[in-house]
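Worksheet: the structure to be examined is printed underneath.
The values are calculated or read from the model by the stated rules, or taken from the named source; none is laboratory data. All figures in this text were calculated on a predicted structure; none of them were measured in a lab. With ideal geometry, Cβ positions are generated from the backbone for all residues, glycine too; neighbour counts draw on all protein chains shown.
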Amino acid sequence: MVPKLVHSRKAKLMLAMVNKTDKLDARGLNRLQRTGTLPTVWIPPGKLRDQRELFRTRMVLSQQRTRLKNRIHATLSKYGLSIETASDAFGKRGREELLIHFRTLPSHTQYAAQRLLEQLSVVEEQIYQFEQRMLEVFASTFSARSVI
């Protein structure tokens, strides 16, 4: 017998029992399995799960990047500062303006904002490295290139 992962919500609907006990659940699942109607979930092979980890980690890093940018914007807005000359506040020209604005902040806030900007640079470099790795792994897959 091959172990299977049961789709719990579908199995519960298929059993449709008024009384719920472990004994009745076991009997109901056994009946579904014997009749071949046991709803199961597809488990991807190990290689695919491993590849998906690249996408998941890149997504987490992208969320961190967004949080860091939002913190920097919030810090500037607390002191009535904004980036006006650059279209991208975190592009080359925007970062130069950020550093100028940072100098006008109080010392502890300035220190915190600079550390946030450094962290942002590290996260952006990590995202770039993940994207390069993903391009190597999924070079032949068109849909992966559109995601990256």
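Some values worked out for this structure:
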item	result
Every pair of residues 6+ apart whose Cβ atoms lie under 7 Å, when the first sits in segment 91-115 and is free of Cβ contacts under 8 Å to residues at least 60 places away in the same chain and over 19 Å from residue 67 (Cα atoms) while the second is surrounded by 16 or more Cβ atoms within 10 Å (Cβ to Cβ) and of a type in the set (Val, Ile, Thr)	97/83
Neighbours by Cβ (under 9 Å, 6+ apart or cross-chain): first from segment 58-79, at pLDDT 95 or above; second of a type in the set (Ser, Thr, Tyr)	73/82; 75/109; 76/82; 78/109; 79/104; 79/109
Helices (runs of 4 or more DSSP H) contained in segment 1-118 and holding at least 2 residues under 30 Å from residue 130 (Cβ atoms)	46-78, 92-103
So residue 75, is it of a type in the set (S, T, N, Q) and surrounded by fewer than 16 Cβ atoms within 10 Å (Cβ to Cβ)	no
Lone unmet requirement of (1) surrounded by 11 or more Cβ atoms within 10 Å (Cβ to Cβ); (2) closer than 30 Å to residue 16 by Cβ; (3) of a type in the set (Phe, Trp, Tyr) for residue 111	(2)
Of residues in segment 86-107 being touching a helix residue (DSSP H, G or I) at 6+ places or on another chain (Cβ under 6 Å) and over 17 Å from residue 118 (Cβ atoms), the one surrounded by the most Cβ atoms within 10 Å (Cβ to Cβ)	86
Identity of the residue in segment 45-57, free of Cβ contacts under 8 Å to residues at least 40 places away in the same chain and over 12 Å from the mean Cα position of the chain (by Cα), that ends up nearest to residue 120 (Cα to Cα)	50
Residue 120 vs. criteria at pLDDT 95 or above, within 24 Å of the chain's Cα centre (by Cα) and more than 30 Å from residue 4 (Cβ to Cβ)	yes
